[in-house]
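What follows is a set of notes on a single structure, which appears directly below.
The values are calculated or read from the model by the stated rules, or taken from the named source; none is laboratory data. Keep in mind that what you see is a predicted model, and the values were worked out from it rather than measured. Cβ: placed from backbone, ideal geometry, glycine included. Neighbour counts: every protein chain shown.
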Amino acid sequence: MSDALAPWNATLSLAEHSIIVYALSVAGLALFAFFVKSLVSTNEVSGRYRAGVYAGMTITGIAFLSYVLLVVEFALGYERRGDSWVPNANAILSWAPRYFDWTVTVPLLVIELLAVATLAGAAARRLRAVGIAAAFLMISTGFIGGVAVDSGTNTGALWLWGVISGVFMVILYVLVIYVVVKGGRDLAGTPAAATLRNAGILLIVTWLAYPIIFGLQGWGHGGAVITWMQVVLSAADIVAKVGFGSMIHKIAKLRSAEDVRAGVDTLPEALWISSEKLSDGVLPGTVAVDDTALSGRGERRVRR
């Protein structure tokens, strides 16, 4: 059965073509801006939470490169004919790189979340392994149905692989909800708890856009629908990667400040958020680590 219209096979009007170029370019620039911001601000968080910042930086770096490829392939994949842009054989590459990006960055989103959550040790490793596997399988099975089988035109494959992908998405949702709820309990009464909850809600809501767009591939026809699909996916990528990453960075700073104030870690510079001072700078060389004094969470405390 081959009766679905793949989005890269639709003819676009001049306006639709311009809007898609605009959406792709803005998304790419937003991702690059956050990559640079993360690169220069890794020293704002302690080593314990820095993996979250590194993950966010890697996510936006990879996504930026994929958007560069999307813009280039979109330009090469359509030919101007009068008042329309007609797709050619290369037009599929104006969509496929999204799956390449997601296959790597969605598992990294799981790593980013767990890096600032309250799970540790074997529990964190188990959930990380499950989350990475579920995220990878969710995207790769979606790619099979949405792109690989009959170049995305087989409605039966869309439904079959879409359902399989959805199973892994449910697993991922359960994992995120568990991590966020547990973190909220463990961090109750701290600013980090509210930000962690909001980050989880943001991720869960934003992820809903992707299966909706996937489903539209089997039902949506015409340049207007395809344009909205590109715009929504670009906006969702900004929110899921830049918006979520900003919240993770804030949680990392808040928890770093708590550790510095409690004496379980050090940072050479004072920590600030929105011009509000969270903790003073503490140089590692000016404190001694007390290996016998442990906090209630099993952390080493430093003795000033």
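Here are the numbers for the structure shown:
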{"item": "Which listed residue, of ALA134, ALA91, ALA63, is farther than 25 Å from SER13 by Cβ, crowded, with 21+ Cβ neighbours inside 10 Å and touching a Phe, Trp or Tyr at 6+ places or on another chain (Cβ under 6 Å)", "result": "ALA134"}
{"item": "Tally of residues being surrounded by fewer than 17 Cβ atoms within 10 Å (Cβ to Cβ) and either in a helix (DSSP H, G or I) or among the charged types (D, E, K, R) (or both) across segment 39-49", "result": "3"}
{"item": "Failed criterion for SER84 (all others in (1) among the polar types (S, T, N, Q); (2) crowded, with 21+ Cβ neighbours inside 10 Å; (3) over 28 Å from VAL180 (Cα atoms) hold)", "result": "(2)"}
{"item": "Which listed residue, of VAL239, VAL264, VAL232, is among the β-branched types (Val, Ile, Thr), within 25 Å of VAL45 (Cα to Cα) and touching a helix residue (DSSP H, G or I) at 6+ places or on another chain (Cβ under 7 Å)", "result": "VAL239"}
{"item": "Residue list for segment 5-24, filter: closer than 12 Å to TRP95 by Cα and surrounded by fewer than 19 Cβ atoms within 10 Å (Cβ to Cβ)", "result": "ASN9"}
{"item": "Qualifying residue in segment 145-160 (condition: surrounded by 20 or more Cβ atoms within 10 Å (Cβ to Cβ), touching a Ser or Thr at 6+ places or on another chain (Cβ under 8 Å) and at pLDDT 95 or above)", "result": "no"}
{"item": "Test: residue in segment 239-261 that is β-branched (Val, Ile, Thr), within 30 Å of ALA10 (Cβ to Cβ) and at pLDDT 95 or above", "result": "yes"}
{"item": "Qualifying position, being within 21 Å of ILE212 (Cα to Cα), within 20 Å of the chain's Cα centre (by Cα) and either of a type in the set (Gly, Ala, Ser) or buried (at least 18 other Cβ atoms within 10 Å of the Cβ) (or both), among THR141, THR118", "result": "THR141"}
